[in-house]
Amino acid sequence: MFVTFGPVGVFRASFPPIEELTLERVDFPAPGQIRVHLVNGGPEPVTVSQVIVDDAYWSFTMDGNATVERLGSAALDVPYPWVSGEPLQIGLITSTGLTFTREVAVATESPRANSRYLTTFVLLGLYVGVVPVFLGLLWLPFLREIPRHWVDFFLSLTIGLLVFLGVDALAEAVKMSGDVASAFQGIGLVTMGVVGTPLVIQGLSRLRKHGAGTEARRAAVLIALGIGLHNLGEGLAIGSAYAIGEITLGSTLVIGFLLHNTTEGIGIVAPLTREPVRPGTLLTLGALAGLPTIAGALIGGLSYAPIATVLFLSIGAGAVIQVVWVLGRLLSQREGGGLTGPLNAAGLLAGLVLMYTTGLWVAF
Amino acid sequence: MATGEKSEGGGLSRRELLRAGTAGAVGLAAAGGSVAMVRPNPADTQDRQIVRGGQEHVHVMGTSGDIDTSLYDPAVHLESFDRGRTSPLPDGRTLREYEITAVDRTIEVAPGVHFDAWTYNGTVPGPTLRCTEGDRLRVNFTNSGSHPHTIHFHGIHAGNMDGVFEVVDPGDTFRYEFDALPAGVQLYHCHAAPLKRHIHKGLYGGFIIDPRDRVLEPARELVMVMNGFDTNYDGENEVYAVNSVAFHFQRHPIQLRVGELVRIYLFNMTEFDLVNSIHVHGTFFKYWRTGTRPDHYDYTDTVLLCQGERGVIEMTFEHPGLFMFHAHQSEFAELGWMGLFEVRGETVG
């Protein structure tokens with residue numbers, strides 16, 4: 001009785017097993033070679049029986065067993081004379097005849113961890129993340145000269161920038177969560193990242209409260225951290241897009257990122273206008289916000305995985321939420337009516353518009 | 001690289017060496033569990049080499065591995081005919097009785113790829129029925145499947161023997177009785193609705209009526225049913241083949257001899273695609289559409305068949321070697337409808 005009608009029996013019905021394989025990444029390690037990374041996100045083990053490349057069966061070899069356990073991953077190699085610069089469709093057919101395919105927009109030799117590609121990705125991160133942030137930090141002397149209510153304006157502007165970045169990261173995370181094998185629950189990862197990150201950062205900053213530093217300083221560190229996490233996600237996206245040949249970093253894109261991310265630097269120094277700041281501190285803040293772009297570009301370029309990207313993007317979004325909350329509190333403690341004061345509200349709007357406008361250069 | 005080399009000239013041919021290597025790899029997989037699916041395709045002609053920067057890659061088009069032939073062997077189907085149980089009738093004619101049972105069965109349509117088929121007598125295609133023009137045929141049909149089925153024979157017969165309206169429910173039986181007419185390459189298949197599903201699931205087979213007044217020249221006779229399988233039910237075939245298994249005759253080339261007359265009974269039972277075709281390398285053939293008019297044939301190397309169309313091919317090879325035969329729709333060919341003739345002997349003349 002229990003076997004038939006118990007929880008196991010009921011779910012093990014007579015309908016065919018629902019298989020689910022996700023082809024997470026298709027690499028082109030060398031001319032004539034394709035490597036496919038796959039994950040079994042379904043309820044049952046899945047056996048890969050054949051490989052179809054562009055509507056043709058092709059022989060293949062597979063690391064380990066042809067049967068991939070639930071939540072297991074595998075890689076298989078297909079000797080195939082792919083044509084550089086052309087699209088390609090690769091499909092797996094399982095023992096039950098189901099097919100799982102992935103489109104490759106442009107087949108191009110995959111980056112390897114050699115000096116050439118390492119240099120490329122480091123430079124990529126440098127141009128897109130680090131340099132712009134430091135350019136933004138250079139605004140500090142200017143911000144020191146202006147009246148207090150204009151400082152509040154720039155703080156509000158920072159909030160605008162961050163809200164824009166946060167929503168952007170969240171949307172990207174939700175979009176990418178569709179690429180994550182369903183067992184790994186992309187939306188669940190997003191929720192954990194977005195809700196968990198502010199809590200963790202809040203807890204960490206409480207621990208540090210007993211130490212030195214003012215509220216404004218802590219805000220600056222938090223902003224730098226939040227932007228850094230966001231930039232990690234941005235680096236991942238850029239690195240992986242570069243690796244699969246989807247973008248070429250033309251001058252327009254680099255200039256766009258310069259403008260776009262310079263605003264992030266302004267955001268970091270905005271709370272510090274009435275504080276004594278040593279150059280070392282500025283350097284640290286800039287590094288905290290900018291360097292993760294390089295790490296992201298390296299990870300994204302060399303071993304792109306949707307699950308990690310979704311997680312990083314959500315952590316970035318969560319960090320931004322935390323920073324916005326801190327800044328909002330900071331503003332509300334000062335004169336000027338908090339975020340709803342006319343000048344501050346204008347600042348927030350200006351921040352959003354600024355991000356949108358500079359974003360026009362970097363849409364890819 | 002050499003193609004069509006003979007393996008009888010002493011020593012191992014390249015093909016056999018590859019086979020040996022294959023067996024080794026499979027053995028390793030079974031023993032250690034660390035290597036799987038390292039099974040190069042044996043066909044010489046399919047190895048493609050690209051030399052770049054001094055590196056050589058061998059590309060092998062086709063499926064990996066081989067099927068379990070203990071349940072169904074395409075090569076056996078290729079040369080099998082069910083001539084039924086014969087007995088003389090009072091009027092001097094021959095009565096042929098056939099037993100056909102519809103059963104659900106999971107079949108292997110490419111190495112490791114399984115398909116839940118509906119079959120006649122457990123195989124797809126069903127048995128190739130063979131008789132002589134004018135014979136009285138009695139087909140005892142039992143439906144042991146899970147859905148209502150029929151057998152619709154192509155031919156000249158009474159309306160209630162047409163296998164369309166007399167739907168046979170699971171567990172029921174039906175007796176079809178009619179005269180074998182006309183001579184030619186005919187067909188039988190299920191005609192229960194939905195028709196596309198019942199045919200695509202595998203309910204079809206060849207039905208050859210030999211002429212009564214004419215003796216066919218002795219020949220090596222082959223049955224080739226061109227078919228396809230939509231394994232993921234998206235309305236397109238994932239597998240194309242002759243006699244159901246992708247690339248089977250590429251892995252196991254059909255052995256022929258130079259000068260030997262080969263007669264192919266060809267059927268197109270492909271669903272979803274409107275037409276299918278066959279192209280034979282290295283020779284030309286005579287082709288009789290439906291095999292009904294001996295005086296009316298084509299001389300070609302490629303023929304096109306609509307769904308349900310069939311014909312007879314007669315050919316001989318004048319040269320030894322490995323010769324491909326395949327659909328000339330390249331997509332079908334690369335999804336499994338490709339095979340090889342291995343012709344041995346000395347060039348004629």
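The values are calculated or read from the model by the stated rules, or taken from the named source; none is laboratory data. What you are looking at is a predicted structure, and each value in this text was computed from that prediction instead of being measured. Every residue, glycine as well, gets a Cβ built from its backbone with ideal geometry; the counts of neighbours run over all protein chains shown. Heads up: the accessible areas ignore ligands, DNA and RNA and are worked out on the full protein's heavy atoms, side chains in. Shrake-Rupley method; radii C 1.70, N 1.55, O 1.52, S 1.80 Å.
Kindly check whether there is at least one residue in segment A:328-336 that is of a type outside the set (Gly, Ala, Ser) and at pLDDT 85 or above. No, that holds for no residue.
Among the residues making up segment A:162-199, a single one is of a type in the set (S, T, N, Q), part of a helix (DSSP H, G or I) and more than 29 Å from A:Thr263 (Cβ to Cβ): A:Ser182. The residues in segment B:71-122 that are part of a strand (DSSP E or B), of a type in the set (S, T, N, Q) and either on the phi > 0 side of the Ramachandran plot or open to solvent by 30 Å² or more (accessible area, probe 1.4 Å) (or both) can be counted, and the count is 5.
Within segment B:234-245, residues that are free of Cβ contacts under 8 Å to residues at least 60 places away in the same chain reach no partner that is surrounded by 24 or more Cβ atoms within 10 Å (Cβ to Cβ) with beta carbons closer than 8 Å at six or more positions or on different chains.
Number of residues in segment B:256-280 that are assigned to a strand (DSSP E or B), hydroxyl-bearing (Ser, Thr, Tyr) and more than 14 Å from B:Val185 (Cβ to Cβ) equals 1.
From the list B:Gly259, B:Gly235, exactly one residue is surrounded by fewer than 16 Cβ atoms within 10 Å (Cβ to Cβ), on the phi > 0 side of the Ramachandran plot and modelled with pLDDT under 95. Which is it? Only one candidate qualifies: B:Gly235. Annotation: of all residues in segment B:156-203 being buried (at least 18 other Cβ atoms within 10 Å of the Cβ) and touching a Pro at 6+ places or on another chain (Cβ under 6 Å), the one that is nearest to B:Gly134 (Cα to Cα) is B:Ala183. For segment B:72-123, the candidate set comprises residues that are of a type in the set (Gly, Ala, Ser) and within 14 Å of chain A (Cβ to nearest Cβ); within that set, the residue that is nearest to B:Arg220 (Cα to Cα) is B:Ala110.
Evaluate the following for B:Gly308: is it more than 14 Å from every other protein chain (Cβ to nearest Cβ), of a type outside the set (Lys, Arg) and within 17 Å of the chain's Cα centre (by Cα)?
Values: more than 14 Å from every other protein chain (Cβ to nearest Cβ): yes; of a type outside the set (Lys, Arg): yes; within 17 Å of the chain's Cα centre (by Cα): yes.
So B:Gly308 fits the description; yes.
Scanning segment B:201-233 for residues that are farther than 25 Å from B:Asp179 by Cα, in contact with a Ser or Thr (Cβ under 8 Å, 6 or more places away or on another chain) and not small (Gly, Ala, Ser) gives B:Met226, B:Asn227, B:Phe229, B:Thr231, B:Asn232. Candidates B:Ala246, B:Ala219: the one that is of a type in the set (A, V, I, L, M), modelled with pLDDT of 95 or more and over 20 Å from B:Tyr72 (Cβ atoms) is B:Ala219.
Of all residues assigned to segment A:125-135, none qualifies as being buried (at least 20 other Cβ atoms within 10 Å of the Cβ), away from chain B (no Cβ under 14 Å) and in contact with a strand residue (DSSP E or B) (Cβ under 9 Å, 6 or more places away or on another chain).
Residues in segment B:291-330 that are open to solvent by less than 70 Å² (accessible area, probe 1.4 Å) and among the hydrophobic types (A, V, I, L, M, F, W, C): B:Val303, B:Leu305, B:Cys306, B:Val312, B:Ile313, B:Met315, B:Phe317, B:Leu322, B:Phe323, B:Met324, B:Phe325, B:Ala327.
For the subset of segment A:318-338 comprising residues that are open to solvent by 60 Å² or more (accessible area, probe 1.4 Å) and touching a residue at least 60 places away in the same chain (Cβ under 8 Å), which member is nearest to the chain's Cα centre (by Cα)?
Of segment A:318-338, the ones open to solvent by 60 Å² or more (accessible area, probe 1.4 Å) are A:321, A:325, A:329, A:332-333, A:335.
Applying the additional criterion that residues be touching a residue at least 60 places away in the same chain (Cβ under 8 Å) yields A:321, A:325, A:335.
Details: A:Ile321: 15, A:Trp325: 21, A:Glu335: 36 Å.
Result: A:Ile321.
Would you confirm whether any residue within segment B:250-261 is among the small types (Gly, Ala, Ser) and in contact with a Pro (Cβ under 9 Å, 6 or more places away or on another chain)? Within segment B:250-261, not a single residue is among the small types (Gly, Ala, Ser) and in contact with a Pro (Cβ under 9 Å, 6 or more places away or on another chain). Search segment B:320-334 for residues that are within 14 Å of chain A (Cβ to nearest Cβ) and pair each with any residue that is of a type outside the set (Phe, Trp, Tyr) and part of a helix (DSSP H, G or I) when their beta-carbon atoms are under 6 Å apart and the residues are at least 6 apart or on different chains. Note: pairs meeting the criteria are B:His326/B:Ala333; B:Ala327/B:Ala333. Summed over segment A:41-71, residues that are within 14 Å of A:Ser95 (Cβ to Cβ), more than 7 Å from chain B (Cβ to nearest Cβ), surrounded by 20 or more Cβ atoms within 10 Å (Cβ to Cβ) and at pLDDT below 90 total 1. For segment A:96-124, the tally of residues that are in a loop (DSSP other than H, G, I, E, B), buried (at least 18 other Cβ atoms within 10 Å of the Cβ) and within 14 Å of another protein chain (Cβ to nearest Cβ) stands at 3.
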